[in-house]
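In what follows, a single structure is set out as structure tokens and then discussed.
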Amino acid sequence: MSDKWLCGRFEFMLKRPLLMGIVNVTPDSFSDGGEHATVQSAIDHAHALIKEGADMIDIGGESTRPGASAVSIDDELARVVPVVRALRDEPVALSVDTCKPEVMRAVLDAGADMINDVTGFSDSRSQAIVAKHANCGVCIMHMQGEPRTMQVNPQYGDVVAEVEQYLLGQAHQLIELGVQKNRLTLDPGFGFGKTVRQNYVLLRELNRIVKLSYPVLLGVSRKSMIGAITGRSVDQRLAGSIAAALAGVARGAAIIRVHDVAATKDALDVWQAVEERGDNNE
């Protein structure tokens with residue numbers, strides 16, 4: 001994997017894990033639906049996450065929780081484009097979580113640095129948009145099925161091998177279309193068409209995805225896989241989310257997508273202090 005990852009206006013050296021703060025401009029997201037559903041509240045929340053130490057902000061205008069209803073193109077544009085424009089001058093990379101080609105084109109024109117597609121750029125129109133764009137970051141995620149039905153009965157022969165094969169295949173397609181390899185990042189898609197056991201197998205063997213030589217994005221914050229182990233409700237999963245994040249970092253994750261930036265940053269700072277090499281005996 002290259003030590004340099006190109007993401008729009010930014011070149012990240014990936015010498016430490018990047019923190020991606022989540023901003024859901026939605027009324028129905030699984031964790032914070034409705035808390036930041038207006039454009040202004042989303043902008044305010046993004047500013048708060050930046051102050052807490054976020055390197056990136058991931059803006060979403062359509063919930064992808066299991067069973068979520070689809071959002072029209074116009075509604076999604078009305079939610080996310082003003083937020084991108086308002087944050088354009090902030091010193092963080094702006095990612096937009098969308099699967100709609102029309103939204104991708106609009107947010108890139110508005111100044112977004114990255115497209116985060118839960119469908120893994122399975123749409124040829126989406127592929128063409130990011131291939132045409134000179135330098136936007138591209139996050140390819142794995143999902144079995146689609147949000148409304150993905151958790152009904154997900155099945156795999158070898159979950160890690162199948163996720164690995166899909167992500168690598170999508171990456172190669174984009175590279176063949178002209179997307180530079182150092183613009184790509186891979187997301188195994190925790191909770192997207194996976195059982196609790198399959199999620200933990202993926203996390204335990206995350207180094208297999210890392211060995212594909214692309215930066216890996218880890219998104220486990222507050223998810224049901226945390227609640228299944230801890231028995232905690234969505235608003236009480238901070239400790240479990242941090243433990244999962246550190247497990248991912250230990251296995252090579254380069255980007256950590258979280259709701260709780262400040263607490264996760266503290267945990268990562270302590271982790272890095274432990275892991276630093278050298279002869280400093282102070």
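If both residues of a DSSP beta bridge must be in the chain, then about 10% of such bridges are antiparallel.
In terms of overall dimensions, the C-alpha atoms belonging to segment 197-273 reach 35, 30, 16 Å along their principal axes, ordered largest to smallest. Partners of Lys4 within straight-line reach, counting lysines whose Cα lies under 18 Å from its Cα and excluding those fewer than 8 residues away in the same chain: Lys15, Lys181, Lys211. Under the simplified labelling scheme, the Arg197-Lys15 pair shows an inter-label distance of 4.4 nm, with each label point 7 Å from Cα along Cα→Cβ. A simple rule links phi to the HN-Hα coupling: the Karplus curve 6.51 cos²θ - 1.76 cosθ + 1.60 with θ = phi - 60°, which for segment 228-244 gives 5, 8, 8, x, 8, 6, 3, 7, 10, 10, 4, 4, x, 5, 5, 4, 5 Hz, with x for Gly and Pro.
Helix content alone sets the calculated 222 nm mean residue ellipticity of the chain: runs of n ≥ 4 DSSP H residues at -39500 (n - 2.57) each, divided across all residues, give -12500 deg cm²/dmol. List the residues of segment 105-121 whose backbone N lies under 17 Å from a point placed 7 Å from the Cα of Asp89 along the Cα-to-Cβ direction. Flagged as within label range: 110-112.
Counting every alpha-carbon pair across segment 95-177, the share separated by more than 14 Å comes to 63%. Near Gly137, the amide H atoms lying under 5 Å from its own belong to Gly8, Met114, Ile115; only residues 5 or more places off or on other chains count, and H is placed 1.01 Å from N. Taking amide hydrogens as placed 1.01 Å from N in the peptide plane, the amide H of Val216 sits under 5 Å from those of Leu186, Ala254, Ile255, each at least 5 positions away in sequence or on another chain.
In this structure the amide hydrogen of Tyr156, modeled in the peptide plane, comes within under 5 Å of no amide hydrogen from residues 5 or more places off or on another chain.
If you build the convex hull over the alpha carbons only and average its shadow over all orientations, what do you get for segment 17-272? Give it in nm² to one decimal.
Working: hull surface 48.2 nm².
Taking the Cα atoms of segment 17-272, their convex hull projects to 12.1 nm² on average.
Could you work out, for segment 88-229, what percent of all Cα-Cα pairs fall into each 10 Å distance bin, beginning at 0 Å and stopping at the bin that holds the largest distance? P(r) over segment 88-229, rounded to whole percents: 12, 42, 34, 13, 1. The Cα trace of segment 45-129 gives Rg and Dmax of 12.7, 37 Å, the first to one decimal, the second as a whole number.
Where a number appears in this text, it was derived from the coordinates with a stated rule and is not lab data. Keep in mind that this is a model prediction, so the values were computed, not measured. Positions of Cβ are backbone-derived with ideal geometry, glycine not excepted, and every protein chain shown enters the neighbour counts.
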